Amino acid sequence: MELELDLLIVGHGITGANLHLRAKQEGLTCAIFDLPEENQSSSVAVGLFHPMAFRDSKFAWAGKEVFDEALSFYKNIETDEPFIQELILYRVLESTEEHNRWRARMEEPPYKEVLDFSARMDAIEAPFGLGKLRSCAKLNVANFIAKSITSLTEGHYFQEAFNYEALDAENGNFKTKGLSIQAKHIIFCEGLGVRKNPFFSHLPFHPAKGDLLKLRLGHDLKAAVNKKDFIAPSEDGLYWLGATYDNKATEALPDEGAAKALLESAKSFYADKIVPLEHLAGIRPASYDRRPFVGSHHKYPKLSVLNGMGSKACLLAPHLSNLLLKSLQGEKEIPPEMALDRVERYLKKKAD
Ligand SMILES: Cc1cc2nc3c(=O)[nH]c(=O)nc-3n(C[C@H](O)[C@H](O)[C@H](O)COP(=O)(O)OP(=O)(O)OC[C@H]3O[C@@H](n4cnc5c(N)ncnc54)[C@H](O)[C@@H]3O)c2cc1C
């Protein structure tokens, strides 16, 4: 088979699926290589996203605009198989200081329309009050990834390991037995699998393991609730409780200690029956400086990377896919905090 394409995408978790569906909107032709059975954090991601950094009661680095862009992107491409649900998120305020900070933020223009206080909520203990966030949504990750696969031209999805040795990095030609792909750009979205990629294995990650429990709750909350950890509704009427953040663990194995810590954390704000049903774990592809890796290889401009999503793939991937595609078309520049030059500088400084 011989293919001539705009994009060859390697890796099809939340990031690769976003990139593909965004490229499709732009009328670009794509093929995808993916190994779903490899460690991929997308298979355990709850799919929750919002723009807040609760520690400071303000928008996080990729804040409200990126949230709005993600929500509108997911809504626009949603068809018969739904994958996006808007939610209210309640924040259990942890101190008088946080309560006062939340109140002050509510008066500021960018926050006015999304932050509020809530009256008490059944089964939730919140002695310092309950903040209410209107900008929150949940992506059904499995349905979204499935949608990306069914939107591909037949025969353009290769469920196999990408053979880096079969790639001519200079001219973008990929050739193995019986298959030849000529692509304008090859974009790597392999999550932590990038560590085996000879062109981008130098990218510095600080991977962070997360444990997650599926629960049956005595009281149906019908919303997401956040304190140290979050409880969020699942599509099957059950709830997710998660997720721990451990950057020492190297294997994605469910850990009893983490499950115990999660249940303790939930009991500190949820006062009804909790029945744990399932325990999952995965490793987040978090970068060394908590900013994503976006851009092209310094020596091989046909090769690019989109990675380092950490805990925020659902929020960041729609915006970053758009940004990368626009930069490849020469229409936008990658902001310095995400560009690959910063990595070269960081590695050089570390080596000196
Ligand atoms: C417990 C837990 C809960 C989480 N909850 C949320 C949440 O609620 N919201 C949120 O936004 N984020 C959440 N995250 C984070 C989220 O999971 C990650 O940000 C996201 O999955 C990263 O997606 P990715 O596509 O970049 O990488 P991955 O999911 O790792 O996907 C990479 C894909 O590339 C493939 N691949 C790698 N190498 C090759 C190769 N050589 N050839 C072919 N294929 C290859 C892999 O097999 C994989 O399928 C959570 C993470 C954990 C651990």
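The values are calculated or read from the model by the stated rules, or taken from the named source; none is laboratory data. These figures come from a predicted structure and were not determined experimentally. A quick note on method: Cβ atoms are made from the backbone with ideal geometry, for glycine too, and the neighbour counts reach across all protein chains shown. These accessible areas exclude ligands, DNA and RNA; they are computed on the full protein's heavy atoms, side chains included. Shrake-Rupley method; radii C 1.70, N 1.55, O 1.52, S 1.80 Å.
The table below gives the values:
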item	result
Qualifying positions in segment 298-315 - in contact with a Gly (Cβ under 6 Å, 6 or more places away or on another chain) and either within 13 Å of the ligand (Cβ to nearest atom) or open to solvent by less than 40 Å² (accessible area, probe 1.4 Å) (or both)	314
Test: residue 6 is at pLDDT 95 or above and surrounded by fewer than 24 Cβ atoms within 10 Å (Cβ to Cβ)	yes
Residue within segment 96-110 that is of a type in the set (Ser, Thr, Tyr) and open to solvent by less than 70 Å² (accessible area, probe 1.4 Å) present	no
Residue selected from segment 23-55 under the condition free of Cβ contacts under 8 Å to residues at least 24 places away in the same chain and not small (Gly, Ala, Ser), by the criterion nearest to the ligand (Cβ to nearest atom)	37
Those residues of segment 205-225 which are touching a residue at least 40 places away in the same chain (Cβ under 8 Å) and open to solvent by 20 Å² or more (accessible area, probe 1.4 Å), in sequence order	205, 206, 207, 214, 216, 217, 218, 219
Residue match in segment 325-335 (condition: under 28 Å from residue 209 (Cα atoms) and open to solvent by less than 10 Å² (accessible area, probe 1.4 Å))	no
Unmet criterion (only one of (1) under 24 Å from the mean Cα position of the chain (by Cα); (2) surrounded by 14 or more Cβ atoms within 10 Å (Cβ to Cβ)) for residue 274	(1)
Selected residue (only one of 253, 262, 241, 280 is open to solvent by 40 Å² or more (accessible area, probe 1.4 Å), within 13 Å of the ligand (Cβ to nearest atom) and farther than 30 Å from residue 187 by Cβ)	253
Those helices (runs of 4 or more DSSP H) lying entirely in segment 95-170 with at least 2 residues within 16 Å of the ligand (Cβ to nearest atom) and modelled with pLDDT of 95 or more	141-150
Residue list for segment 174-188, restricted to those being assigned to a strand (DSSP E or B) and open to solvent by 30 Å² or more (accessible area, probe 1.4 Å)	175, 176, 182, 184, 185
Qualifying position, being surrounded by 20 or more Cβ atoms within 10 Å (Cβ to Cβ) and away from the ligand (no atom under 16 Å from the Cβ), among 66, 92	92
Residues (part of a helix (DSSP H, G or I), open to solvent by less than 40 Å² (accessible area, probe 1.4 Å) and within 20 Å of residue 185 (Cβ to Cβ)) located in segment 336-352	343
Residue match in segment 15-22 (condition: open to solvent by less than 40 Å² (accessible area, probe 1.4 Å), within 12 Å of the ligand (Cβ to nearest atom) and assigned to a loop (DSSP other than H, G, I, E, B))	no
Residue in segment 133-143 that is farthest from residue 71 (Cα to Cα), counting only those that are crowded, with 19+ Cβ neighbours inside 10 Å and touching a strand residue (DSSP E or B) at 6+ places or on another chain (Cβ under 9 Å)	133
Residues within segment 261-294 that are farther than 29 Å from residue 37 by Cβ and either free of Cβ contacts under 8 Å to residues at least 12 places away in the same chain or small (Gly, Ala, Ser) (or both), tallied	6
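Let's see how each residue does on (1) part of a strand (DSSP E or B); (2) out of contact with any Asp or Glu (no Cβ under 8 Å at 6 or more places or on another chain):
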{"residue": "278", "(1), (2)": "yes, yes"}
{"residue": "290", "(1), (2)": "no, yes"}
{"residue": "300", "(1), (2)": "no, no"}
{"residue": "306", "(1), (2)": "yes, yes"}
{"residue": "311", "(1), (2)": "no, yes"}
{"residue": "315", "(1), (2)": "no, yes"}
{"residue": "321", "(1), (2)": "no, yes"}
{"residue": "324", "(1), (2)": "no, yes"}
